[in-house]
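Student: Please find one structure pasted underneath; my questions will follow.
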């Protein structure tokens with residue numbers, strides 16, 4: 001390797017570093033460390049609140065204990081919103097994703113445009129649009145469908161989810177080698193059969209990790225709905241702080257909510273990484 | 001060696017076919033006729049348009065000029081029923097292209113069940129016979145990932161045969177295989193040719209071409225330089241270009 005003999009650009013030998021430190025032990029240790037760290041910060045914030053708070057009134061622990069069930073209920077509402085927006089967004093996104101690989105330009109272009117638009121718009125702005133542009137009820141002849149705020153919020157959050165699912169589906173389909181299409185075509189499968197029987201079953205497992213990743217992001221983003229006045233976990237936490245008027249409780253109170261999200265989303269993230277490794281694909 | 005069986009009427013007729021990818025011509029005025037029961041090998045250097053020709057025959061690639069007729073069906077007709085054509089033409093690829101999420105048996109059974117809408121029981125019976133024919137009776141439930149290259153390629157052959165095609169196309173089917181597994185695939189193709197299947201092979205296997213082919217075509221630069229029965233082709237090639245090529249590879 002005479003790299004010094006020329007002033008032209010040369011390809012230097014490259015060796016990828018070993019995947020350190022080893023096997024499963026390291027990620028497990030890291031995980032345990034992370035969880036312990038979060039718990040420690042929470043305990044510390046509680047201790048600070050306890051020691052700086054007025055001595056004559058309820059202890060920080062008591063107050064936190066009093067509000068925890070309500071905050072947890074609010075958090076469960078966040079989860080409900082996340083399930084429903086994910087379901088709606090996935091259903092719409094799969095159609096758009098398949099539309100994006102359609103041979104018909106009349107399908108492909110609008111699917112592509114909608115995907116790009118909603119994928120590159122801020123989630124909160126989309127949420128505002130859904131809240132203020134959707135009517136509060138929809139009259140379909142004799143039937144009147146009510147649109148309460150929480151349903152509008154689900155639709156608002158489902159928009160960017162659908163756009164991201166659309167990209168995940170498109171990428172999954174595109175990642176299947178063209179030889180699969182070719183051999184299916186030459187066995188006289190029509191396009192729909194090829195898609196549903198040969199391409200999608202193979203693409204499916206490659207879509208799962210990024211889809212789960214998106215779900216975790218959506219779950220955390222559901223706290224945006226508190227901005228548009230829906231009683232979610234964040235709204236309840238804020239209301240509790242206002243009711244108690246104990247500024248030193250701000251840190252532990254929000255951390256309590258944060259811990260709930262962390263406890264829910266972190267395992268999803270770990271599972272995503274495990275599946276990615278197992279399927280050997282990149283999220 | 002040739003003429004092991006009676007040759008029938010022309011099955012594949014290619015006349016004056018031209019094909020270009022963008023400005024780059026890959027086929028220039030190519031004509032050939034293959035009769036029922038005939039085995040034809042197409043040889044030539046890489047990039048001479050051999051694989052493209054095969055893909056034109058089953059309408060995977062559209063042609064620019066000329067005409068192709070397969071079993072009485074006009075391939076270059078804009079109103080062509082491509083799926084009907086492909087039911088008559090089997091093709092086996094260099095990279096096998098088995099469906100990795102299905103077992104060997106399922107790979108063979110899928111198209112007859114879903115495309116030809118045949119009865120599952122009968123299809124399974126025939127699929128098992130076909131796998132036995134290519135020597136893979138013991139691998140029904142293996143997934144492609146669990147099979148060697150040669151085994152996968154033999155499943156691919158069985159999968160194409162399950163459609164009862166009138167013509168079989170083989171696109172450098174042994175190019176990705178090591179010498180040992182190559183042989184098992186070539187034996188399967190030889191048996192097929194001996195049974196009277198019409199076969200068109202794009203191949204670099206000169207020994208196989210000499211032994212099995214009824215005729216050998218030599219292509220270079222998108223044109224057919226010459227064609228002849230194998231004894232004559234390998235023994236006394238007429239064109240200088242053919243001689244140069246054979247000197248290189250033999």
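Bear in mind these aren't lab numbers, they're just calculated from the coordinates by the rules spelled out. Owing to the predicted nature of the structure, the values given are computational and were not obtained by experimental measurement. Every residue, glycine among them, receives a Cβ derived from its backbone with ideal geometry; neighbour counts consider all protein chains shown.
Student: Between helix B:120-133 and chain B, what is the angle of the helix's C-alpha long axis to the longest principal axis, kept within 0 to 90° and rounded to the nearest 10?
Tutor: 60 degrees
Student: Spin-label point model (7 Å from Cα, Cβ direction): what's the residue A:138 to residue A:231 distance in nm?
Tutor: Each label point lies 7 Å from its Cα, and together they span 2.6 nm.
Student: OK, next. Could you work out the relative contact order of the range B:1-119? I mean the mean sequence separation of Cα pairs under 8 Å and 6+ apart, divided by the number of residues, in percent.
Tutor: Relative contact order of the range B:1-119: 21 percent.
Student: Additional query: For a quick check, take a GNM of chain B with Cα springs below 10 Å and name the residue from B:120, B:154, B:73 with the largest mean-square fluctuation.
Tutor: B:120
Student: 7 Å from Cα along Cα→Cβ at both residue A:182 and residue A:239: what's the point-to-point distance in nm?
Tutor: Each label point is offset 7 Å from its Cα along the Cβ direction, giving 6.3 nm.
Student: Now, a different point. Run the numbers on the range A:50-178 and let me know its relative contact order in percent, using alpha-carbon pairs under 8 Å that are six or more apart.
Tutor: Details: 125 pairs, mean separation 43.6, N = 129.
For the range A:50-178, the relative contact order is 34 percent.
Student: Ranked highest first by average number of other Cβ atoms within 10 Å, how do A:137-144, A:190-197, B:216-223, B:14-21 line up? Provide the component values of the computation, followed by the final result.
Tutor: Numbers: A:137-144: 7.9, A:190-197: 14.5, B:216-223: 21.4, B:14-21: 17.1.
Descending mean neighbour count gives B:216-223, B:14-21, A:190-197, A:137-144.
Student: Can you bin the range B:1-84 into rounded, prolate or oblate? Criterion: square roots of the alpha carbon gyration tensor eigenvalues sorted a ≥ b ≥ c, rounded for a/c under 1.5, prolate for a/b above b/c, oblate for the rest.
Tutor: On the way: a/c = 2.33, a/b = 1.29, b/c = 1.81.
Since a/c reaches 1.5 but b/c is at least a/b, the shape of the range B:1-84 is classed as oblate.
Student: Still on this structure, please answer the following. Compute the acute angle (0 to 90°) between the alpha-carbon long axis of helix A:250-279 and the principal axis of greatest extent of the alpha-carbon atoms of chain A; round to the nearest 10°.
Tutor: The answer is roughly 20 degrees.
Student: Please say if the range A:137-189 is rounded, prolate or oblate, where rounded means a/c under 1.5 for a ≥ b ≥ c the square roots of the C-alpha gyration tensor eigenvalues, and otherwise the choice is prolate for a/b larger than b/c and oblate otherwise? It would help to have the intermediate numbers written out before the result.
Tutor: Details: a/c = 8.84, a/b = 2.38, b/c = 3.72.
Here the range A:137-189 falls in the oblate category.
Student: Work out the mean other chain Cβ neighbour count within 10 Å for the residues of B:109-120 and drop it here as an integer.
Tutor: Details: counts 0, 6, 7, 1, 0, 7, 6, 1, 0, 0, 0, 0.
Going residue by residue through B:109-120 and averaging, the value is 2.
Student: Still on this structure, please answer the following. Taking a ≥ b ≥ c as the square roots of the eigenvalues of the Cα gyration tensor of the protein assembly as shown, is the shape rounded (a/c under 1.5), prolate (a/b larger than b/c) or oblate?
Tutor: Cα axes put the protein assembly as shown in the prolate bin.
Student: As a test of the formula, what do you get for chain B when each DSSP H run with n ≥ 4 contributes -39,500 (n - 2.57) and the sum is divided by the residue count, at 222 nm and rounded to the nearest 500 deg cm²/dmol? Walk me through the numbers on the way to the answer.
Tutor: Values: 9 runs with 92 residues, N = 250.
Calculated from helices alone, the mean residue ellipticity at 222 nm is -11000 deg cm²/dmol.
Student: For chain A, find the longest principal axis of its Cα atoms and tell me its angle to the long axis of helix A:233-244, 0 to 90°, nearest 10.
Tutor: Roughly 20 degrees between the two axes.
Student: In addition: When you look at the Cβ of every residue in A:173-186, what mean number of other chain Cβ atoms sits within 10 Å? Walk me through the intermediate numbers first.
Tutor: Values: counts 0, 0, 0, 1, 3, 1, 6, 4, 2, 6, 13, 5, 7, 18.
Mean shielding count: 5.
Student: Let me ask something else about it. Using Cα centres only, tell me the gap between the range B:175-232 and the range B:67-143 in whole Å.
Tutor: Cα centroid of the range B:175-232 versus Cα centroid of the range B:67-143: 21 Å apart.
Student: Quantify how strongly other chains surround peptide A:191-198 by giving the mean number of their Cβ atoms within 10 Å of each of its Cβ atoms.
Tutor: Numbers: counts 1, 0, 4, 0, 0, 0, 5, 6.
Counting other chains' Cβ atoms within 10 Å and averaging over A:191-198 gives 2.
Student: Give the relative contact order (percent, whole number) for chain B; include only Cα pairs under 8 Å separated by 6+ residues.
Tutor: Numbers: 473 pairs, mean separation 66.6, N = 250.
This gives 27 percent for chain B.
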